[in-house]
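Please read the structure below before turning to the comments.
Bear in mind these aren't lab numbers, they're just calculated from the coordinates by the rules spelled out. Computed from a predicted model, the values in this text were never measured in an experiment. FYI the Cβ positions are ideal-geometry reconstructions off the backbone, even for glycines, and counts take in every protein chain you see.
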Amino acid sequence: MRAWTIFSLVASMLTAAAVAAAAPAPGTGLGLDSSQPIAVNADSFLADLKNETGTYTGNVIVTQGQVRLHADEVKVHAPGGRAASMEANGNVVVDSPSGQAVGDSGTYDVPQQTIRLSGNVVLTKDANVMRGNALEVSMATGIARLTGDTASAAPGQPRGRVQGLFVPAPGAGKAAPQTPANPGTK
């Protein structure tokens, strides 16, 4: 059950990144409703027509349905007018009904259907938390890998390690109440 919760959180993160790249996810079971409009809000936008990129800067918020991506900057590479990749940099936060993912930067490779979040990655769902330095999710296979960084670590985090804290739901693990024995029978 906990593994499904972790997968659900990771799936939400990758779906939001797909939203930011304006590419539909291969399934709606991940929490993305590709029929919903995509809204992008930012302090500014710069289109580079020669290099076929668009860069949103300053408190960027990308929303589709109930999935929302926040970042300092989001750059979309769109050769031929089709999104090929997306880069989100600075204070990247992905919120969805199934949890939150945070990192320093993130990328989405549309043809490879691969999401990467790096730098002080934190995944949360209710009171459950996972920490690492890099997250890679394959939308094609559904496989997610959270890794630590052997070169450096966040304060209080061991080098090269992934941390997880999973809090049981209230009432989980408690034994069912026992029916008292009738003292008059043997």
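Residue by residue, the stretch 96-108 carries 3J(HN,Hα) couplings of 8, x, 8, x, 9, 10, 10, x, 6, 8, x, 9, 10 Hz when phi is fed to the Karplus relation 6.51 cos²θ - 1.76 cosθ + 1.60 (θ = phi - 60°); x denotes Gly or Pro.
As a rough guide to protection, the peptides 54-64, 37-47 ranked by mean Cβ packing within 10 Å, highest first, stand as 54-64, 37-47.
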